[in-house]
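Here the structure comes first, spelled out in structure tokens, and everything after it is commentary.
The values are calculated or read from the model by the stated rules, or taken from the named source; none is laboratory data. Everything quoted here is computed from the prediction, not taken from an experiment. Glycine also receives a Cβ, built like all others from the backbone with ideal geometry; neighbour counts cover every protein chain displayed. Note: accessible area is taken over every heavy atom of the protein model, side chains too, but ligands, DNA and RNA are not part of it. Shrake-Rupley method; radii C 1.70, N 1.55, O 1.52, S 1.80 Å.
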Amino acid sequence: MAEDFLPIRGYDHIEFYVGNAKQAAHFYDKTFGFNPKAKAGLETGLRDRASYVMEQGNIRFVFTSAYAPDHEIARHCALHGDGVKAIGLTVADVPKALEATKQRGATILQPATTARDEHGELTVGAIKYAGDTIFRFVDRENYRGSFPGFRPINAHGGKPVGLAAIDHVVTNVYLGEMNYWANWFERVMGFTNLLSFTDKDISTEYSALMSKVMENGGGKCKFPINEPAEGKKKSQIDEYLEYYQGPGVQHIAMNTANIYDTVTELRRRDIDFLRVPDTYYDYMRERVGNVGEDWDKLRDLGILIDKDDDGYLLQIFTQPVQDRPTLFFEVIERHGSRGFGIGNFKALFISIEREQALRGNL
Ligand code: FE2
């Protein structure tokens, strides 16, 4: 086995460009249970933007807004709406990660930049990914805070809901681009193709999608890439691409050790989830068999289940978290399975299409 030229330790953070970072931070605090950790903005001498760092378990989200209209962040929001700008990956050596990926064809957007404050030093650098999305390499080995220049927030955040880590991050791309990006992950990032789904696996009468799951050498990071497939009507991927005005992050899946508790609490806090038809549970009970889960509880909470040779998984998908039908979240509890709920895709598709029809986009 060749040496991994890009050893990734895990997801460092996800940065969202949003229209109003203060309100986004409040939403993710009070609903999803992310605690405010640090802030940068006018009061810390940052003149062009406000940025909030929110954490839960090992997940770090950053919400950033511009102060002026003619700013890259404001333009990003005008074009895409609120969405994911940067996927931060923790590496041991940022210059090396940039050099290795550049040699293999990456476009460098930010050279290695080290910032220092009383918490130590942190180095970042960035390369281009699909659309306006970027990968940011982060070395925080010698840093104890959130980010240099940020001031800790001592606010009392909402109670966490048990979200522990990022499981995978899914990107939607245009028809014909999935293979390009799968190859890009292989060539530039040294990832391998873990799974592939064709439109035969994931289709309904109306629409279909194709997907390839790319995984890094250590298995720490998984990036499924979706593209729309031909169908009778507009697929959910097409709808995303139309409203996001191009490729971008479709959903972020987050692990929990107790999906019943997490989803019960999220529902109590008014998070809306996709609903599958009740018949789904009769069908899945037959398909999955007895795995020791409470079928009534699964149905009551709308949690989906899927099984493969390695084990099973429980998962649920939120509705989009902004007005545009673009970014949403997945909550997942794994029991051995390394899959992505392929057996649920069809049931889900039907459910997503129902929502799409309600939006007049099907
Ligand atoms: Fe997913």
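A few points about this structure:
- Within the shell of other residues whose beta carbon sits under 12 angstrom from the beta carbon of residue 176, the net charge comes to -3, with Lys and Arg scored +1 and Asp and Glu -1.
- Expressed in Å, the radius of gyration and Dmax of the Cα atoms of the chain are 20.1, 60.
- Each residue of segment 69-85 was assigned a 3J(HN,Hα) from its phi angle through the Karplus expression (A = 6.51, B = -1.76, C = 1.60, θ = phi - 60°), giving x, 8, 9, 3, 5, 5, 5, 4, 5, 4, 6, 9, x, 5, x, 7, 8 Hz with x at Gly and Pro.
- Rounded percent of accessible protein surface that carbon and sulfur make up, the chain, 1.4 Å probe: 49
- Whole-Hz ³J(HN,Hα) from phi, Karplus 6.51 cos²θ - 1.76 cosθ + 1.60, for segment 119-125, glycine and proline x: 8, x, 10, 10, 10, 10, x
- Note that segment 61-165 presents 46 Å² accessible area per residue, ligands and nucleic acids not counted, probe 1.4 Å.
- Local electrostatic count, residue 46, Cβ distance below 11 Å [Lys/Arg +1, Asp/Glu -1]: +2
- When each of the peptides 80-87, 31-38 is scored by how many other beta carbons lie within 10 Å of its residues on average, the order from highest to lowest is 80-87, 31-38.
- Of 97, 20, 125, farthest towards positive along the dipole that unit charges on Lys, Arg, Asp, Glu beta carbons give segment 10-152: 20
- Label sites at residue 144 and residue 43, each approximated as a point 7 angstrom past Cα along Cα to Cβ, lie 2.3 nm apart.
- Long pairs among 85/307; 102/222; 128/212; 39/85; 85/222, criterion Cα-Cα beyond 27 Å: 85/307
- With the helix formula -39500 (n - 2.57) applied to DSSP H stretches of n ≥ 4, the chain reaches a computed 222 nm mean residue ellipticity of -7500 deg cm²/dmol.
- Spin-label pair residue 299/residue 5, simplified geometry with 7 Å Cα→Cβ offset, distance in nm: 5.4
- Paramagnetic label reach from residue 310 (point 7 Å along Cα→Cβ; backbone nitrogen cut-off under 19 Å): within segment 320-358, residues 330-345.
- The loop-placed GluC sites (Glu not before Pro) in segment 227-285, going by DSSP, that have at most 16 neighbouring Cβ atoms within 10 Å of their Cβ come out as 230.
- Surrounding net charge for residue 156, when Lys and Arg each add one and Asp and Glu each subtract one, Cβ distance under 12 Å: +1
- Nonlocal amide H pairs with residue 49, under 5 Å, H built at 1.01 Å: 67
- Summing Cβ point charges (Lys, Arg +1; Asp, Glu -1) relative to the Cα centre of the chain gives a dipole of roughly 660 debye.
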